[in-house]
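The values are calculated or read from the model by the stated rules, or taken from the named source; none is laboratory data. Worth saying up front: this structure is predicted, and the values here are computed from it rather than measured. When we count neighbours, we look across all protein chains shown, and the Cβ atoms used for this are built from the backbone with ideal geometry, even at glycine. Ligands, DNA and RNA are excluded from the accessible area calculation, which covers all protein heavy atoms including side chains. Shrake-Rupley method; radii C 1.70, N 1.55, O 1.52, S 1.80 Å.
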Amino acid sequence: MRSRTQSEDLFETYCKLRGYSFERMEVVPGKGRFPDYEVLTPCGPVICEVKQINPNDEDKEYDRRLVSYGHAASSRELGKRVRAPLKDACVQLSRFRDDPRPCVAVVVDTTYRDYLSPPDIEAAMCGDLVGLLPVSPGDGEAEFTHGRNRRLNEKRGLYLGAVAVLARSGHLDVYHNPYAQKRVPPGCFPDPQDRHFIKRGHPAEGGHLL
């Protein structure tokens, strides 16, 4: 039996505080990997796979420099650390593609590097943010769209209703998949401390709206 993860403990604490009952998904030997939980929300059951981002060598070196020198410089690609756990969660949730219950990938950052910021989540879900500048001054404002490295599109991950970020403070930020065929009603997570982010325009347009 595998050991429990920090993210699973945080998620179960979140469910208990919100009053949502939950059950661990039954794993069938020899049938591959299964998601973690079925959660009974105010709008019905939701299938959740919980993932966490653990510190890598670069994070540990950053923390060492911060402690030793009081500052540390770093640069990173937006969305890079989110894509792997999101891809893994999609694989496990895909067995429920034909199930009526919505599917949610819940991600927890166990580092202190803010890898689950709104721009990171958007870049992982919809692709790198690309700025389109006007050809000449006065031609209008810059527009933003998405480019490469998207984990979700019109053909991939349609069963994933949302990516939810569970913060250490205990609140949930739910980023709804604009391509989802099984959407997650905001009423599933209605607590005032939880927030929902939805793309109002075309999925390729930059920005989530609260």
Query raised in the report: Would a scan of region 21-39 turn up a residue that is touching a Ser or Thr at 6+ places or on another chain (Cβ under 6 Å) and surrounded by fewer than 18 Cβ atoms within 10 Å (Cβ to Cβ)?
Result: no
Query raised in the report: Restricting attention to region 186-200, and to residues there that are in a loop (DSSP other than H, G, I, E, B) and modelled with pLDDT under 95, which single residue is nearest to V165 (Cα to Cα)?
Result: K199
Query raised in the report: Tell me, which residue of region 36-59 that is outside any loop (DSSP other than H, G, I, E, B) and of a type in the set (A, V, I, L, M, F, W, C) is farthest from the chain's Cα centre (by Cα)?
Result: L40
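Would you mind stating whether V130 is at pLDDT 90 or above and touching a Phe, Trp or Tyr at 6+ places or on another chain (Cβ under 9 Å)?
no
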Query raised in the report: Is at least one residue of region 94-103 farther than 19 Å from V27 by Cα, modelled with pLDDT under 95, open to solvent by 10 Å² or more (accessible area, probe 1.4 Å) and not acidic (D, E)?
Result: no
Report task. For region 52-66, enumerate the residues that are at pLDDT 85 or above and open to solvent by less than 30 Å² (accessible area, probe 1.4 Å). Result -> I53
Report summary line: For region 16-35 the number of residues that are without any contact (Cβ under 8 Å) to a residue 40 or more places away in the chain and assigned to a loop (DSSP other than H, G, I, E, B) is 9
Report summary line: T13: passes all of (1) assigned to a helix (DSSP H, G or I); (2) surrounded by fewer than 11 Cβ atoms within 10 Å (Cβ to Cβ); (3) among the polar types (S, T, N, Q) but (2)
Report summary line: Of the residues in region 151-193 that are of a type in the set (S, T, Y) and surrounded by 14 or more Cβ atoms within 10 Å (Cβ to Cβ), the one that is farthest from I47 (Cα to Cα) is Y179
